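*Asks:* So that we are looking at the same thing, I have put the structure below in structure tokens.
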Amino acid sequence: MQQFLDRLPTPVANWLRGRFGKHLSRFAGVAVLSLVTTQVVLYVAYIAIGTGGTATLLGWAAGVLVSYLLSRRAWDRRGRPEWLKETLPFLLISGVTAVVLTTAGHFAGVYAKSAGMPKFQAAAFVGAMVLLANLMTFVLRFLVFHYILFTDGTPRGRGARGSDPAAQASDPESITPAPVTVPPSDRQSDGQAQA
């Protein structure tokens, strides 16, 4: 990963090394584990049940549990979750995702049956369509989690560092300009040059 970041322009690399990049890489790992869980349960459920929508809903339910538990850790949340600030919004976002995924799974299942696909091929097709829908929702979910749901409520660049200007200057996400101090000897020489 370090070699990849070294090849990027400095501002982009610094941005990815900051809070945004840290959370993006962690959430990507969470998404992969959640996605694997969803796909395995979906595939098994489709073979057992034979309907794309129901199998997708079961797969989503298994994946959302993994996602919730690991997403909190990705944003360094410990202890008891706040129901109104974390859990309920997470469930609402996940509910919207469930509608998107279940709709994709349902229509993929209908198409697979109308095309006369064998059950295992149909399960793979439904899984592929749900995977595509999941990838499309990934970016939106990450942005909502990062900027709204799991934010600490402080302006970017101030977080745990408080209002220390030197700490803000070293934060690549901070848009607050760092104060520049001019040594007294430079000020004096400027004043003498003008006089």
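*Asks:* Might you let me know whether the stretch 35-56 holds any residue that is touching a residue at least 24 places away in the same chain (Cβ under 8 Å) and in contact with a Pro (Cβ under 6 Å, 6 or more places away or on another chain)? Show your work before the answer.
*Replies:* Taking the stretch 35-56 first, the residues touching a residue at least 24 places away in the same chain (Cβ under 8 Å) are 35, 37-39, 42-43, 46-47, 50-53, 55-56.
After this cut, where a residue has to be in contact with a Pro (Cβ under 6 Å, 6 or more places away or on another chain) as well, the list is none.
No; the residues of the stretch 35-56 include none that is touching a residue at least 24 places away in the same chain (Cβ under 8 Å) and in contact with a Pro (Cβ under 6 Å, 6 or more places away or on another chain).
*Asks:* Considering only residues that are closer than 18 Å to residue 29 by Cα and loosely packed, with under 13 Cβ neighbours inside 10 Å, look in the stretch 1-18 and name the one that is modelled with the lowest pLDDT.
*Replies:* 1
*Asks:* Additional query: Just to check your reading of the model, which residue among 87, 54 is under 28 Å from residue 121 (Cα atoms) and assigned to a helix (DSSP H, G or I)? Break it down stepwise before answering.
*Replies:* Numbers: 87 fails: under 28 Å from residue 121 (Cα atoms).
Sole residue among the options that is under 28 Å from residue 121 (Cα atoms) and assigned to a helix (DSSP H, G or I): 54.
*Asks:* Within the stretch 23-32, how many residues turn out to be touching a residue at least 12 places away in the same chain (Cβ under 8 Å) and either under 20 Å from residue 123 (Cα atoms) or β-branched (Val, Ile, Thr) (or both)?
*Replies:* Result for the stretch 23-32: 1.
*Asks:* With the requirement that a residue be surrounded by fewer than 16 Cβ atoms within 10 Å (Cβ to Cβ), at pLDDT below 90 and farther than 19 Å from residue 107 by Cβ, what does the stretch 35-78 give you?
*Replies:* Our first condition is that a residue be surrounded by fewer than 16 Cβ atoms within 10 Å (Cβ to Cβ); within the stretch 35-78, this holds for 36, 40, 44, 47-50, 61, 65, 69, 73, 76-78.
Retained after the next criterion (residues that are at pLDDT below 90): 49-50, 65, 69, 73, 76-78.
Passing the criteria: 65, 69, 73, 76, 77, 78.
The values are calculated or read from the model by the stated rules, or taken from the named source; none is laboratory data. It should be emphasised that the depicted structure is a prediction, and the values quoted were computed from it without experimental measurement. Positions of Cβ are generated from backbone atoms using ideal geometry, with glycine treated the same way; all protein chains shown enter the neighbour counts.
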